[in-house]
1. Give me the net charge for the shell around Ala150: Cβ to Cβ below 15 angstrom, other residues only, Lys and Arg +1, Asp and Glu -1.
2. Report the local net charge at Met223: Lys and Arg +1, Asp and Glu -1, summed over other residues whose C-beta lies under 12 Å from its C-beta.
3. Rounded to the nearest 0.05, what FRET efficiency do Tyr248 and Asn204 give with R0 = 25 Å and r taken as the Cβ-Cβ distance? Could you check?
4. Once phi is turned into ³J(HN,Hα) by the Karplus curve 6.51 cos²θ - 1.76 cosθ + 1.60 with θ = phi - 60°, what whole-Hz value does each residue of segment 241-246 show in order, with x for glycine and proline?
Amino acid sequence: MDNLFLLLFLTSIIALIVGLIKPDIFIRFLKERATRKVTVMIFGIFALVFFILFGITTEPTTQTPQVAQENKISENIEADNQTVKIDDEQEKEQTTNKNEIIEKPKTQKEETISTEIATAPPKKEPAPETPAPTQKTNRENILTILKANASSKWGTDYEMVQYEYNNQVQVYDWVVAQTRYPDIMAKAKTKWNNDFEMVKYEYNNQAGAYEWIISQTEYPNIMTNAKQKWGDDYEMIKYEYNNQVEAYNNL
């Protein structure tokens, strides 16, 4: 279309130049052939061609709302594409920087640490702890001793072994439960060791004699002499005191 407009423009220029150089051609044409009807027709043709060319070559100054909206959407899409392109470039640049950081050669110190870690001997897992042997309680140890003593005393007479063992266990529990007169109990244990029947017998006799002695109020001199003679053997103190009082009364 631009070529057609150019062609008509050049034709008009040539016609203008020819009219300026030889105006007789146009004057003769107008005089011989140009009538009012022909002139109007020529003028109309040129006007129509002018308006057609003007309308073709001139861009519209206004746009419909739909076209404007479509153009705006197109501009937004183009802007978004441009933004996405910029983001992709930035992400690619960051990835490149990360790769450069990752591929950064290790320093001598880092290489030394890596070598030490690689050559370090594997850690040995601690050996499982051996459970400590459970210690027997004092009662369990005593029961073992009592069973051994009963077996040693009665041999293969298992009925007497069991009888002896049961009696000793019963008396042992009684001895342990006593809290009065701890000195008398300690002396009885020292004297009879693990023979708890005799420990009980000794304890009862000594405790009974001690309670009898402290209840006596007559003949204090005789009691003092008996205590000095027999110390903490309360059975002998009682025996000595009774004999001395009987002799004193017979005088």
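Derivation of every value follows stated rules applied to the coordinates shown; laboratory data play no part. Being a predicted model, the structure only gives us computed values, none of them experimental. Cβ coordinates were reconstructed from backbone atoms using ideal geometry, including for glycine residues, and neighbour counts include every protein chain displayed.
1. Numbers: positive: Lys147, Lys153; negative: Asp157, Glu159, Glu164, Asp195, Glu197.
Taking every Cβ under 15 Å from that of Ala150, the sum is -3.
2. Working: positive: Lys227, Lys229, Lys238; negative: Glu218, Glu240.
Its environment carries a net charge of +1.
3. 0.30
4. Calculated HN-Hα couplings, in order: 4, 4, 5, 5, 5, 5 Hz.
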